[in-house]
1. With (1) among the charged types (D, E, K, R); (2) in a strand (DSSP E or B); (3) not assigned by TED's automatic domain parsing to the domain that holds Lys40 as the list, and Glu66 as the residue in question, which single condition is left unmet?
2. Of all residues in the stretch 78-109 being within 15 Å of Glu143 (Cα to Cα) and among the small types (Gly, Ala, Ser), which is surrounded by the most Cβ atoms within 10 Å (Cβ to Cβ)?
3. Just to be sure, is Ile210 under 20 Å from the mean Cα position of the chain (by Cα) and surrounded by 14 or more Cβ atoms within 10 Å (Cβ to Cβ)?
4. Inside the stretch 89-105, can you point out the residues that are over 8 Å from the mean Cα position of the chain (by Cα) and assigned to a loop (DSSP other than H, G, I, E, B)?
5. Only one residue in Arg121, Arg111 is assigned by TED's automatic domain parsing to the domain that holds Ile84 and touching a Leu at 6+ places or on another chain (Cβ under 7 Å), so which one is that?
6. Kindly establish whether Asn35 is of a type outside the set (A, V, I, L, M, F, W, C), within 24 Å of Arg138 (Cβ to Cβ) and either at pLDDT 55 or above or surrounded by fewer than 10 Cβ atoms within 10 Å (Cβ to Cβ) (or both).
7. Please enumerate the residues belonging to the stretch 43-88 that are aromatic (Phe, Trp, Tyr) and over 15 Å from the mean Cα position of the chain (by Cα).
8. Could you say whether any residue in the stretch 141-156 is more than 18 Å from the chain's Cα centre (by Cα) and buried (at least 18 other Cβ atoms within 10 Å of the Cβ)?
Amino acid sequence: MNPQGEGKPHTRRDGPGRREPLTIGRLVRSADAMNAAVEKSFNNAKLWREEALELRKVLLASGLDEELKWGKPCYTAGGKNIVIVQRMKDFLALLFFKGALLKDPDGVLERQGPNSRAGFRMRFTSVKDVNGKAKSIRACIREAVDVEKKGLKVGKPKPDEMNLPDELIDAFDGDPDFRAAFDALTPGRQRGYALHFSSAKQSKTRAARIEKCRKKIFEGKGFQER
């Protein structure tokens with residue numbers, strides 16, 4: 001008799017009187033259920049649906065983990081954010097969170113906006129475009145994963161390059177996920193928040209505005225969006 005249950009396989013009851021071992025297959029099915037929101041975001045998309053589905057194949061084949069963050073498909077490695085898919089009006093984008101540190105020998109990355117120092121993105125306008133850049137995507141992903149393994153960080157901007165208030169930079173330093181969420185916003189949304197925060201005359205007011213907008217930023221929404 002083994003009251004501690006040692007040596008027995010873990011089981012889970014499925015219906016009256018039945019127990020099924022917690023097999024790898026069951027764990028995979030559980031993970032699939034958790035990714036239902038990601039599936040829905042791809043299948044129900046109105047903008048760049050086919051292009052995004054093709055891009056997704058490349059990303060998953062690169063061994064990245066997939067989840068929904070800030071309302072967008074995000075891909076991670078070892079718990080670190082690597083890339084996020086953005087649906088813009090005129091193009092589909094793949095944002096590399098630390099794209100500024102990548103060598104980009106093919107010249108396919110571009111700065112997302114004037115307020116983004118770390119995030120650089122690729123843009124696509126067709127399925128053919130995605131397939132044509134697949135090799136570059138894979139190469140950038142490998143380098144981005146290596147950047148995270150080495151713990152590299154994007155340097156702080158020089159004073160004459162800083163377009164964001166000091167209070168927001170401080171908030172980013174204290175919460176890397178907050179920085180990543182802000183970088184994942186469209187350039188227009190970033191500008192909207194930057195103007196809103198900077199328009200306050202006092203530092204404590206700017207800090208209060210940042211905290212008040214934190215939830216919206218994590219949700220991927222603009223300043224005037226509900």
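The values are calculated or read from the model by the stated rules, or taken from the named source; none is laboratory data. Not measured: the values here are computed from a predicted model. Note: ideal-geometry Cβ built from the backbone for every residue, glycine included; neighbour counts use all protein chains shown.
1. Among (1) among the charged types (D, E, K, R); (2) in a strand (DSSP E or B); (3) not assigned by TED's automatic domain parsing to the domain that holds Lys40, the lone unmet condition for Glu66 is (3).
2. So, considering only residues that are within 15 Å of Glu143 (Cα to Cα) and among the small types (Gly, Ala, Ser), the one surrounded by the most Cβ atoms within 10 Å (Cβ to Cβ) is Gly99.
3. no
4. Lys89, Asp90, Phe91, Lys98, Leu102, Lys103, Asp104, Pro105, listed by residue number.
5. Working: Arg111 fails: touching a Leu at 6+ places or on another chain (Cβ under 7 Å).
From the options Arg121, Arg111, the qualifying one is Arg121.
6. Numbers: of a type outside the set (A, V, I, L, M, F, W, C): yes; within 24 Å of Arg138 (Cβ to Cβ): yes; either at pLDDT 55 or above or surrounded by fewer than 10 Cβ atoms within 10 Å (Cβ to Cβ) (or both): yes.
Yes, satisfied.
7. As a first pass, look at the stretch 43-88 and keep what is aromatic (Phe, Trp, Tyr): 48, 70, 75.
Residue satisfying the conditions is Trp48 alone.
8. To start, the set of residues in the stretch 141-156 that are more than 18 Å from the chain's Cα centre (by Cα) comprises 150, 155-156.
Then drop every residue that is not buried (at least 18 other Cβ atoms within 10 Å of the Cβ), which leaves none.
No, because not a single residue in the stretch 141-156 is more than 18 Å from the chain's Cα centre (by Cα) and buried (at least 18 other Cβ atoms within 10 Å of the Cβ).
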